[in-house]
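Comments concern the structure below.
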Amino acid sequence: APPGGPPPTRSRRPHRRPAMYGGGAGSMQGGYGAMPYNQAGSSAYGGYGMGGDLAQVAKPSPFTRRHRPANLMALIFCFIVPVIVFGAVFSLQTFSMHYNRPPTCKMLCFAVLAMVVLLGWNAGSAWRRREDGTDPKWYTFMFVTCLVAWIFAFVFGNAIFKKNTAPYMDVIGLNIYPGVDPSKFRGQQLMDAGRIGFTPGTFLDLGHSMGFRNLDTYCVAPIAGPNQSTTGPFVYDFWAVGINCCSGHLPDFHCGEYNNMNARSGLRLMRDDERAYFRLAVQQAEAAYNLRAPHPIFLHWMQDPMSEVSAYLDRAYQLWVIGISSFAGFQLVQVVIAAVCFSKAGL
């Protein structure tokens with residue numbers, strides 16, 4: 001500038017930001033390829049900008065149903081374990097341990113129930129851990145079906161035991177008396193009899209039969225020996241019995257093998273709930289025919305008691321096989337239905 005003169009004026013140039021920043025606000029979009037901000041990540045930052053958008057696209061809706069293939073091992077265990085529970089409890093309740101060692105039998109049954117309860121606890125834990133990826137549905141299914149198996153086995157096994165196994169064990173545990181003359185033996189002499197074989201000539205005195213009715217008709221007929229007195233006093237301590245095989249008001253007993261000429265044996269009545277009604281029928285016969293029965297023993301009249309005894313056990317085994325097979329089929333159907341339902345529901 002010349003001395004004493006005014007200072008030179010500097011031309012002001014507009015301040016420009018470096019091109020690397022893309023200029024002003026208007027050029028920001030141009031610097032990023034004139035894209036909206038939410039789409040700039042893929043061009044400005046390459047692969048790094050794609051992460052957020054892809055995560056949002058890949059995340060499924062919580063309402064989307066996802067079909068999962070059924071777990072084969074879960075299906076196998078959900079079939080086998082309840083069948084094992086049923087078979088163990090059903091066998092314990094049905095057969096001889098229930099008769100010979102009842103406390104041990106009950107303890108083992110409830111030990112199995114304790115294991116079923118543990119399965120329930122495990123199912124509850126699986127539901128609490130489902131956020132961690134644990135699948136609780138098959139745990140729950142196994143617990144419920146095992147509990148049903150235990151209840152069915154305990155109830156039906158006990159029913160088979162009372163109707164078949166217990167009478168068999170009762171008779172087997174009693175004594176056998178062959179060659180008994182009912183006109184010479186008294187009932188108190190054979191109180192431990194399970195099977196009695198009578199002497200030839202023994203017969204049913206159908207003329208002194210009687211019936212007592214209480215919903216069912218409980219029929220009795222005295223067993224007379226070949227030397228039975230025909231003039232009295234009439235003393236009968238051995239009685240053939242049956243249910244709903246007489247009218248109740250006439251001497252028309254037709255129970256069991258009453259018309260079998262070769263029948264000379266008796267199988268002891270083991271049903272305690274029926275014995276009292278047969279005793280009432282005998283008391284009616286005492287009053288009607290002026291006879292005495294101080295210690296009556298009630299028998300099923302037949303030719304071969306041993307085959308009848310074996311039939312009790314055979315029937316118990318038959319029902320046991322039917323029970324195991326039926327529950328196995330039932331459980332298989334339940335597993336298939338559950339697998340289909342879980343798969344369709346996307347559970």
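The values are calculated or read from the model by the stated rules, or taken from the named source; none is laboratory data. All figures in this text were calculated on a predicted structure; none of them were measured in a lab. With ideal geometry, Cβ positions are generated from the backbone for all residues, glycine too; neighbour counts draw on all protein chains shown. Heavy atoms of the whole protein, side chains included, go into the accessibility calculation; ligands, DNA and RNA do not. Shrake-Rupley method; radii C 1.70, N 1.55, O 1.52, S 1.80 Å.
Put simply, when 73-86, 139-152, 319-332 are sorted by average Cβ atoms within 10 angstrom per residue, most first, you get 139-152, 73-86, 319-332.
Need the full-extension length gain, Asn262 to Arg101, defined as separation in residues times 0.36 nm minus the C-alpha distance. One decimal, nm. Intermediate values should be presented prior to the final figure.
Values: separation 161, 0.36 × 161 = 57.96 nm, distance 3.91 nm.
Answer, rounded to one decimal: 54.1 nm.
State whether segment 170-309 is rounded, prolate or oblate according to the following rule on the C-alpha gyration tensor (a ≥ b ≥ c being the square roots of its eigenvalues): a/c under 1.5 gives rounded; otherwise a/b larger than b/c gives prolate, and the remaining case gives oblate. Since a/c stays below 1.5, the shape of segment 170-309 is classed as rounded. The Ser326 and Leu215 beta-carbon pair, evaluated with R₀ = 25 Å, returns a calculated FRET efficiency of approximately 0.20.
Can you give the accessible area per residue of segment 267-347, in Å², using a 1.4 Å probe? Intermediate values should be presented prior to the final figure.
On the way: 4340 Å² over 81 residues.
Solvent-accessible surface per residue comes out at 54 Å².
The packing ranking, built from the mean of other Cβ atoms within 10 Å per residue, places the peptides 163-176, 305-318 in the order 163-176, 305-318, highest first. 3J(HN,Hα) along segment 317-323, derived from phi through the Karplus expression 6.51 cos²θ - 1.76 cosθ + 1.60 where θ = phi - 60°, amounts to 5, 4, 5, 5, 5, 4, x Hz, with x in place of Gly and Pro.
Can you send over the carbon and sulfur percentage of the accessible area for segment 169-316, probe radius 1.4 Å, protein chains only?
Of the solvent-accessible surface of segment 169-316, carbon and sulfur hold 51 percent.
Scanning residues 5 or more positions from Arg213 or on other chains, those with amide H under 5 Å from its amide H are Tyr218, with H placed 1.01 Å from N in the peptide plane. Taking a label point 7 Å from the Cα of Ile176 along the Cα→Cβ vector, which residues of segment 284-324 have an amide N closer than 12 Å to it? Counting only backbone N, you get 305-307, 309-310. Placing +1 on the Cβ of every Lys and Arg and -1 on the Cβ of every Asp and Glu, with no other charges, gives segment 196-292 a dipole of roughly 120 debye about its Cα centre.
Where only protein heavy atoms count, and the probe is 1.4 Å, what is the accessible area per residue for segment 154-218 in Å²? Walk me through the numbers on the way to the answer.
Details: 3160 Å² over 65 residues.
Each residue of segment 154-218 exposes 49 Å² on average to a 1.4 Å probe.
Got a sec? Which residues in segment 174-218 would a label at Ala287 touch, if it sits 7 Å along Cα→Cβ and we count backbone N under 15 Å? The answer is 210-214, whose backbone nitrogens lie closer than 15 Å to the label point. Near the amide H of Gly194, within less than 5 Å, lie the amide hydrogens of Asn175, Ile176, Tyr177, all on another chain or at least 5 residues away, with H placed in the peptide plane.
Suppose we keep just the DSSP beta bridges with both residues in segment 235-346; what percent of those would be antiparallel, to 5? If I count the DSSP bridges inside segment 235-346, around 50 percent turn out antiparallel.
Legend: residues Arg186, Arg213, sorted from most to least accessible area (1.4 Å probe; ligands, DNA and RNA excluded), read Arg213, Arg186.
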